[in-house]
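Participant: Shown below is the structure under consideration.
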Amino acid sequence: MWILKFFYWRQGIVQKDSAIYKTKNFFILLFLITQVLVLCDISLIKIEPVNDVYAADEPFVNSANWGTTGLIEIPTARVLNENNFRTGVGIAYPYIWYYLVLSPLKGLEIEGRVTQIKGVKALSASYGEYKDKAMDFKYQFIREGKYMPAVAFAINDPQGTRLYPSQYFVLSKQIFPFDFTIGFGNGRFGKRALPPSDETFKIDILDDPKQWLKDSQFFGGIQFHLSEKYALMAEYSPIRYEKQTHDFAQAKHFKKGVPSNFNYGFRWSPYKWTNIIMSYQRGEQIGLNVSFTFDLNKTMLPIFDKPYREKPKDKENPLSTRLENALYASGFKNIGVSIEGNDIIITAENDKYFYTARAIGVILNILKDILPEHAEKIDIILTSNNVPILKYTTTKTDIDDLFAERLKPFEFLRLSKIKTDINWIPDIRLTHKKTIDFGIKPSFQQLLNDPSGFFRYRFGASAWMSYFPWHGGEITGSIEGYPINNIKSSVEPLSIPVRSDSWKYLQKNVTLGSLMLNQIFKTEQDIYTRLAGGLLEIQYAGFDGEVAKPFFDGRIYLGLSGSIVKKRDIDNPFKLSEDYTQSYKTIFLNTRLNIPEKELYFDLNTGRFLAGDKGARLTITKFIKSGISISAWYSWTNTRSVFKDPYNRGYHDKGISITLPLRLFTGSDSKTVYNYSISPWTRDVAQDIMHHNNLFDFLGRNSKKFLDNDKSYMFKSSGRGE
């Protein structure tokens, strides 16, 4: 029907801005959606009970203009699959949307987007056109069932300028190959524009439900899935562009209403991970949206490490030598083997495997082939720079029964013992010592939203080297080079410039990033201590220390940390700054709550930050089994009593970061990871120094809770890949 109406309008039979055109199309759309809901109600009279029957959101998980799962301008109740990631660009003049969307938990979709407005200048000539940053949150709290539609609630752009805010409910129901959506929301979809909120989060539906109800309007749409690669879409979008007075596009581009509230689109999916949507919007604009979706659970290449096979001539060596050579060839360092009668003690540092459980599995596979039949008890002690991490105890009989499938994996694990509160390493001669380690990794850093330009960046590499002189000790340094570097700023350092002058350091194409001594100790009570001194990072030199301990098998990590530092000279990497001679001090109570069942952990750092402001920073991290970690942080400090400048007063430091493992790209296991973070603007609120090998990350996934969660990786180490 909508295709016929579009044809009639093109032929001039029905005018696109006529009341008949608008009203008839809306009621056609509403009629179709109503029929779906009626059919759902009728089906409820069926007697047979069906429990836990759900319909998948696919194949209707597509991107709206601005990134969220939807049709063209409107959202649907569909969401990305858990641990899926979408990125793309949407264009419909005068807007260009750049977006990233992630589903960290089942049913939850989080989006970050930048909206560029063509023809509207901002800040400075070099900055270019206006660009608005926003975050959106959508949660599907009811999955689609046999009778029930999927139902989602969303909060769009709740903080800051709030140019495009909304809170809406939306329902989607499929009768394949059709998917029907109807929603109700305020703000961008409502009758009036919503005011900005500065640094506070504003959710109108909670603050004033009656006003939200009064301001909200209906929207709806239909998607017709023609085939695996093609789909048609039609929607009613209630956006009143001429009334969105906080949108900087309104004054220039939308002085009066748009010709039509109906949009039509065609989706082409040449690949499973690629969507291209061509659309006709507002009765006057051609739109294009290109997005790419990735399953972050999977590495780009399957992880496969060839299992060790002993050469015939090596079998003539003593047992301890055979084990040492096998472990070294399999990616271990600092190897020690002690044979006491029929008992075997092995110490080794995992230098290769991302998961500790996988490293244990590799060792078990080696022992299965090499140990003599008379061997009995086996202790495996894993270390990091000769600091004991854990002891795994099993027997030769249980290993043989496991690989002969006389024991199931869960039975083998029940018979084994794991101990993490170990601080003792037997006095064993070590071979294949790890004395020096070095590497080079790509480095990309940026400044966002500076008046001199929205996106300032530098790209290059960081070369590092570490020397390990004794147990737990490390002398490490790094040199950074950036052949591509356009970082500069027109903003002078603020009232207490602990980070607002960082661009002066980042301008340098070559710099000494760090040079320090770092020492880690572990006591009988499972207490870890770290002390560091030297050139700690690109801006600061001084001393840094912390103490940490896991509780409840690693469910909680608790710790104390503090630092006293001075600024480094910008031009001479071995000198301290003569312009800023004062010392900066930090002290924190650190808490981490680990929820391995959901692959989540929460960090709360409470105390004094670099500028002297006191408060807390909350960081939420989602871990994905491929090795990717995605974090978001937000801070609260007493800015108004510390800072004199308006840019820091009332500000909340916030941002996101991502950790990418090398194993994601290579098809071979590796512990190497790369970190990248994005923060809206470099200010001075809630800032801390960069810590080398902080204790919570040193503990990482080596607690009992995580090792139990990762136990399946122990049995993926026999050359079968992941």
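The values are calculated or read from the model by the stated rules, or taken from the named source; none is laboratory data. Because the structure is a prediction, the values reported are computed rather than measured. Cβ: placed from backbone, ideal geometry, glycine included. Neighbour counts: every protein chain shown.
Participant: Name the strands (runs of 3 or more DSSP E) wholly within region 407-521 that hold at least 3 residues that are closer than 30 Å to LYS131 by Cα?
Facilitator: 436-450, 453-467, 473-485
Participant: I'd like to verify a number: residues in region 581-596 that are assigned to a loop (DSSP other than H, G, I, E, B) and surrounded by fewer than 18 Cβ atoms within 10 Å (Cβ to Cβ), how many?
Facilitator: Qualifying residue count, region 581-596: 3.
Participant: In the list SER489, SER500, which residue meets the criterion of being under 27 Å from the mean Cα position of the chain (by Cα), in the same structural domain as ASN594 (by TED's automatic domain parsing) and surrounded by 18 or more Cβ atoms within 10 Å (Cβ to Cβ)?
Facilitator: Result: SER500 is the single residue among SER489, SER500 that is under 27 Å from the mean Cα position of the chain (by Cα), in the same structural domain as ASN594 (by TED's automatic domain parsing) and surrounded by 18 or more Cβ atoms within 10 Å (Cβ to Cβ).
Participant: If you take the residues in region 614-647 that are farther than 27 Å from LEU100 by Cα and surrounded by 21 or more Cβ atoms within 10 Å (Cβ to Cβ), which one is nearest to the chain's Cα centre (by Cα)?
Facilitator: Ranking the qualifying residues of region 614-647, first place goes to THR637.
Participant: Give region 272-304 a look and list any residue that's closer than 14 Å to PHE85 by Cβ, out of contact with any Gly (no Cβ under 7 Å at 6 or more places or on another chain), not polar (S, T, N, Q) and not in a loop (DSSP other than H, G, I, E, B), or say none.
Facilitator: If the condition is that a residue be closer than 14 Å to PHE85 by Cβ, out of contact with any Gly (no Cβ under 7 Å at 6 or more places or on another chain), not polar (S, T, N, Q) and not in a loop (DSSP other than H, G, I, E, B), then PHE294, ASP295 are the ones that fit.
Participant: Sort out which residues of region 542-562 are of a type outside the set (D, E, K, R), more than 24 Å from the chain's Cα centre (by Cα) and surrounded by fewer than 21 Cβ atoms within 10 Å (Cβ to Cβ), and write them in order of number.
Facilitator: PHE543, GLY545, VAL547, PHE551, PHE552, LEU560, GLY562
Participant: Would you check if PRO149 is buried (at least 19 other Cβ atoms within 10 Å of the Cβ) and either out of contact with any His (no Cβ under 6 Å at 6 or more places or on another chain) or not assigned by TED's automatic domain parsing to the domain that holds TYR236 (or both)?
Facilitator: yes
Participant: OK, next. For ASP207, indicate whether it is acidic (Asp, Glu), in contact (Cβ under 8 Å) with a residue 60 or more places away in the chain and not assigned by TED's automatic domain parsing to the domain that holds THR639.
Facilitator: So ASP207 does not fit the description; no.
Participant: What residue, among those in region 100-152 that are of a type in the set (Phe, Trp, Tyr) and outside any strand (DSSP E or B), is modelled with the highest pLDDT?
Facilitator: TYR147
Participant: If I filter region 268-279 for residues that are buried (at least 21 other Cβ atoms within 10 Å of the Cβ) and of a type outside the set (Gly, Ala, Ser), do I get at least one hit?
Facilitator: yes
Participant: For region 296-313, check the following and say yes or no: at least one residue is surrounded by fewer than 18 Cβ atoms within 10 Å (Cβ to Cβ), closer than 28 Å to TYR230 by Cα and in contact with a Lys or Arg (Cβ under 8 Å, 6 or more places away or on another chain).
Facilitator: For region 296-313, residues surrounded by fewer than 18 Cβ atoms within 10 Å (Cβ to Cβ), closer than 28 Å to TYR230 by Cα and in contact with a Lys or Arg (Cβ under 8 Å, 6 or more places away or on another chain): present.
Participant: Collect the residues in region 404-430 that are under 25 Å from SER703 (Cα atoms) and among the acidic types (Asp, Glu), keeping them in residue-number order.
Facilitator: Correct list: GLU411, ASP421, ASP427.
Participant: Sticking with this structure for a sec: Out of the residues in region 257-267 that are surrounded by 18 or more Cβ atoms within 10 Å (Cβ to Cβ) and not small (Gly, Ala, Ser), which is farthest from SER227 (Cα to Cα)?
Facilitator: Here the residue is VAL258.
Participant: Could you say which residue among ASP351, ASP314 is in contact with a Ser or Thr (Cβ under 9 Å, 6 or more places away or on another chain) and either at positive phi or at pLDDT below 95 (or both)?
Facilitator: Going through ASP351, ASP314 in turn, just one is in contact with a Ser or Thr (Cβ under 9 Å, 6 or more places away or on another chain) and either at positive phi or at pLDDT below 95 (or both): ASP314.
Participant: Would a scan of region 674-687 turn up a residue that is out of contact with any Cys (no Cβ under 6 Å at 6 or more places or on another chain), at pLDDT 95 or above and closer than 30 Å to ASP295 by Cβ?
Facilitator: Taking every residue of region 674-687 in turn, none turns out to be out of contact with any Cys (no Cβ under 6 Å at 6 or more places or on another chain), at pLDDT 95 or above and closer than 30 Å to ASP295 by Cβ.
Participant: Which of the following residues is more than 12 Å from the chain's Cα centre (by Cα) and among the polar types (S, T, N, Q): ASN675, ASN693?
Facilitator: ASN693
Participant: Let me ask another. Could you tell me whether GLU129 is among the acidic types (Asp, Glu), surrounded by fewer than 23 Cβ atoms within 10 Å (Cβ to Cβ) and either under 26 Å from LEU226 (Cβ atoms) or more than 25 Å from the chain's Cα centre (by Cα) (or both)?
Facilitator: For GLU129, the condition - among the acidic types (Asp, Glu), surrounded by fewer than 23 Cβ atoms within 10 Å (Cβ to Cβ) and either under 26 Å from LEU226 (Cβ atoms) or more than 25 Å from the chain's Cα centre (by Cα) (or both) - is met.
Participant: Tell me, which residue of region 53-94 that is of a type in the set (Ser, Thr, Tyr) and surrounded by fewer than 24 Cβ atoms within 10 Å (Cβ to Cβ) is modelled with the lowest pLDDT?
Facilitator: TYR54
Participant: Follow-up question, since we're still on this one. Please enumerate the residues belonging to region 95-119 that are more than 18 Å from the chain's Cα centre (by Cα) and buried (at least 17 other Cβ atoms within 10 Å of the Cβ).
Facilitator: Scanning region 95-119 gives TYR95, ILE96, TRP97, THR115, GLN116, ILE117.
Participant: Sticking with this structure for a sec: Taking region 342-399 only, how many residues are in a loop (DSSP other than H, G, I, E, B), of a type in the set (Phe, Trp, Tyr) and touching a Leu at 6+ places or on another chain (Cβ under 8 Å)?
Facilitator: Number satisfying all stated conditions: 0.
Participant: While we're on this one: Given (1) crowded, with 19+ Cβ neighbours inside 10 Å; (2) under 27 Å from ALA632 (Cα atoms), where does GLU144 come up short, assuming only one miss?
Facilitator: (2)
Participant: Can you list the strands (runs of 3 or more DSSP E) found entirely within region 157-256 that contain at least 1 residues being in contact with a Gly (Cβ under 7 Å, 6 or more places away or on another chain), buried (at least 19 other Cβ atoms within 10 Å of the Cβ) and on the phi < 0 side of the Ramachandran plot?
Facilitator: Hits in region 157-256: 166-175, 178-185, 217-225, 230-236.
Participant: What pairs can you find where one residue is in region 475-497 and closer than 24 Å to LEU515 by Cα and at pLDDT 95 or above, the other is of a type in the set (Ser, Thr, Tyr) and not in a strand (DSSP E or B), and their Cβ atoms are less than 9 Å apart, with a gap of 6+ or different chains?
Facilitator: Listed by first residue and then by second, the contacts come to nothing, as the list is empty.
Participant: In region 575-613, what residues are farther than 17 Å from ARG499 by Cβ, of a type in the set (D, E, K, R) and over 20 Å from the mean Cα position of the chain (by Cα)?
Facilitator: Scanning region 575-613 gives LYS575, GLU578.
Participant: Looking at THR659, THR682, THR666, THR637, which one is outside the structural domain of ILE366 (by TED's automatic domain parsing) and touching a helix residue (DSSP H, G or I) at 6+ places or on another chain (Cβ under 9 Å)?
Facilitator: THR682
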